[in-house]
Structures are given as structure tokens and as C-alpha cells.
1. For the range 81-117, what are the residues that are within 19 Å of the chain's Cα centre (by Cα) and of a type in the set (A, V, I, L, M)?
2. Select, from ARG63, ARG85, ARG72, the only residue that is of a type in the set (Lys, Arg), at positive phi and within 15 Å of ligand 1 (Cβ to nearest atom).
3. Taking the stated definitions as given, is LEU199 touching a strand residue (DSSP E or B) at 6+ places or on another chain (Cβ under 6 Å), part of a helix (DSSP H, G or I), assigned by TED's automatic domain parsing to the domain that holds VAL155 and not β-branched (Val, Ile, Thr)?
4. If you go through the range 38-46 one residue at a time, do you hit one that is within 12 Å of ligand 2 (Cβ to nearest atom) and touching a Ser or Thr at 6+ places or on another chain (Cβ under 9 Å)?
5. Do we have any residue at all in the range 90-99 that's closer than 25 Å to VAL200 by Cα, at pLDDT 95 or above and not in a helix (DSSP H, G or I)?
6. So which of LEU98, LEU145, LEU126 is within 23 Å of SER227 (Cβ to Cβ) and either more than 16 Å from ligand 2 (Cβ to nearest atom) or surrounded by fewer than 24 Cβ atoms within 10 Å (Cβ to Cβ) (or both)?
7. Being among the hydroxyl-bearing types (Ser, Thr, Tyr) and without any contact (Cβ under 8 Å) to a residue 40 or more places away in the chain is the filter; apply it to the range 254-308 and report the residue that is nearest to PHE138 (Cα to Cα).
8. Only one residue in THR147, THR182, THR129, THR158 is touching a strand residue (DSSP E or B) at 6+ places or on another chain (Cβ under 6 Å) and hydroxyl-bearing (Ser, Thr, Tyr), so which one is that?
Amino acid sequence: MRLEQTDDYLRGLAGSPSVAVVGLGGAGSEAVQDLVALGLPGARAIAVNTDARHLEELRVEERILLGQRELRGRGSAGDRTVVLRAAEESREELKRRLSRYELVFLLAGLGGGTGSALLPFLARELRSTDALPIPVAFLPFHIELQTNASRRENVDATVDELERMGGLLLALANEKLRRFDTLPLPRVFRVRNAYLHSLVANLVDMVDHPSQLNVDLATLKSHLRRSGLSTLVIGEQHVSETDRLLPQALGESLLDFRLPDRPSALVHLEGGANLTLRTLGDILGAIRTWFHDPEELVFGTRLRPEPTEVVRLTAVVGGLRPRTVRESLRTPARPDRVLA
Ligand SMILES: Nc1nc2c(ncn2[C@@H]2O[C@H](COP(=O)(O)OP(=O)(O)OP(=O)(O)O)[C@@H](O)[C@H]2O)c(=O)[nH]1
Ligand SMILES: [Mg+2]
């Protein structure tokens, strides 16, 4: 390459990673709509469903109706097998349409037919492409499962498959929303979707902007390849109270996961221009202690040009132990307690 071509070449390469948020089935698609309303600049919003009426009502950029011949747009009636047949038929087209993005968030509420079947199916298909699929599963309230064995088996099978696949899994437990039980249900779902919005925004932001100690998409992918089943921990704290950054982030998490004694972690810290090296060192030291000297700790940081008193944490935490829904029904996930 001639030297004067380098600038053009770099400009072509250095664009932000392309992102898609893809809703699978009813609950997943509604959540995508909420995410977009909260603002995800540049991300493509897509809904996939077997239910034409539900698709029609959504405000998203792209809609995909699956199994048109077999199901005639009337939904799956909770039957995962027909959804899988429909997906199998459209396998190549789905893969082609979704693998053009670098980060693909796949959202589904577990328990029905469409989302539960498509989530592991598409996550697996996309793993053989350059796209990084990130499954987001909404786990039903315990009460929904305790009274319905077939639904429970449905959820269990899907979670099991996702956990065996490894990689980054964001399992948002409705049960953890019980702490907002003075609100009506639609508002509770909006609280959850706002939290999911922060998870998505933090992750995209981490790999998007160059940092002083850089974590890019390639760093994330190689960390995930080594870390098995992983999740995301996010939090914010005043610079004078950063020792509470990780405990608070874990305690407030709406995600369901079980930490091992010594997880692996990719930790990204963002602060203001005034964030000192000593504070960064203290935060990292605290994280090390919390994670009992982790198996692997990859660290990145970015200082904003302006001063601010807030430090923001984004951590991809790996080496998680699988947690079956059956087990989580007996003992609700409390990652804060696991380490106590
Ligand atoms: N509508 C809706 N349901 C939610 C939400 N969060 C979780 N759910 C639950 O998501 C689960 C799956 O429901 P749907 O998304 O309607 O199911 P589906 O994937 O469209 O599957 P089928 O309609 O059976 O083909 C149910 O247990 C819902 O109670 C949400 O934000 N909106
Ligand atoms: Mg549906």
C-alpha cells in the first residue's frame, strides 16, 4: 500500500462496529422496541416472529415472518418443533440477513414456542460466521413455571442449550424484578428493559471508542473464546466510593448467574480526565479481592476528555457455572450472596 493511501484505508476500517438488536417472538420484539426508544444510535432493529399480527404492530426497521407456508402467520401455539422446522427452512436467509452485523443481540422471552426455539438456533448458526451473537433470555417468573410443567421444560431445555454453548449469555430473571412489585407489570418490564439498554450500551461503547488501554471487538472475542460461559456486570459509582463499585453492581444486577470462586474477567473502567492512576489501581485491587485472585484479568480503561466524579464499570465475567432453571426455582440467584 502506498503511504498516502493509509489514511483512506484506516478511515474505511475504523468505523464503529455494526450492531443489530433482534427480537425473537413476542416478548423479545417488544423489548427491542423499548431499546430503540431508549436510544441505540446506529443499531439495526429487527423482529422475527411466526405471528404476523404481532409483527405488524411493531415499530422496527425490519420484520421477518417465519414459516409462512406452514404456520400462515398464525403463531406457533407454543410448539418449538414447528418453529424449528420453519427456521430450518429459512436457515440460509436468516444467516445471511443477520451475519452482516458484527454484534448481534438476540432477545427472547422464554416459555413460548417462537423465542425459546429461535434463541439457541440462531445463536448457534451465527457462531459459524464473523458476527458475535449475544443471546438475551428473559426468564419467566417462578409462579409462571411452578404451575406449568411443559412451560418449565421448555425454558429448561432452552437455557440448558444456551449454557452448553458457552460465550456471553445475558439471562434476565423476571424473579429479580420482584423488588419492584409496587409497580404495574408493564412498568416493571420497562425497568428491566432500561437495565438491558444499559448492558447493551455499555458493551457497545466499550468496544467502540478507542481507549488509553484499549478493549476492542477482537479483544472481547478472544476473551470470550477462553472464558466459557460468561455474563456482563455493569455499575457506576462516585470516585470516592469505588470500593463499592463491584459489590453494588453485582447486588443490583438483574441477570441470573452463578459465579465460580475464581472467575475470569475483562474489566473496563471509564472515568473523567481527573481519574488518577492510584484510584484505578485501588479499583482493580478491590476487584481482584472480590474475585479471589481471578483466573485471568484483562483490563482496559478510558478517560473522558472532561472531568467527572463518576466511574463506570463494564465487566465481562467468565468461567460461570451453569445454572439450570430447575435449580434456580429452588434457590433464586443472588450473585452478591455467593461471594459473601
Ligand atoms: N409480552 C411480553 N411477555 C413477556 C415479557 N417479558 C417476559 N415475557 C414472557 O415471555 C414469555 C414468552 O412469551 P412470548 O414472547 O409471547 O412467546 P413467543 O416467543 O412469541 O412464542 P409463541 O407465541 O408461543 O410462538 C412468556 O412467559 C411471557 O410471560 C415482555 O416484556 N412482554
Ligand atoms: Mg408469540
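The values are calculated or read from the model by the stated rules, or taken from the named source; none is laboratory data. Computed from a predicted structure; not experimentally measured. Methodologically, a virtual Cβ is constructed for each residue, glycine included, from the backbone with ideal geometry; neighbour enumeration extends over all protein chains shown.
1. LEU98, LEU103, VAL104, LEU106, LEU107, ALA108, LEU110, ALA117
2. ARG72
3. In short, yes.
4. Filtering the range 38-46 for residues within 12 Å of ligand 2 (Cβ to nearest atom) gives none.
No: zero hits.
5. Checking the range 90-99: at least one residue is closer than 25 Å to VAL200 by Cα, at pLDDT 95 or above and not in a helix (DSSP H, G or I).
6. On the way: LEU98 fails: within 23 Å of SER227 (Cβ to Cβ); LEU145 fails: within 23 Å of SER227 (Cβ to Cβ).
Sole residue among the options that is within 23 Å of SER227 (Cβ to Cβ) and either more than 16 Å from ligand 2 (Cβ to nearest atom) or surrounded by fewer than 24 Cβ atoms within 10 Å (Cβ to Cβ) (or both): LEU126.
7. Checking each candidate, the answer is THR289.
8. Working: THR147 fails: touching a strand residue (DSSP E or B) at 6+ places or on another chain (Cβ under 6 Å); THR182 fails: touching a strand residue (DSSP E or B) at 6+ places or on another chain (Cβ under 6 Å); THR129 fails: touching a strand residue (DSSP E or B) at 6+ places or on another chain (Cβ under 6 Å).
Criteria check complete, one pass: THR158.
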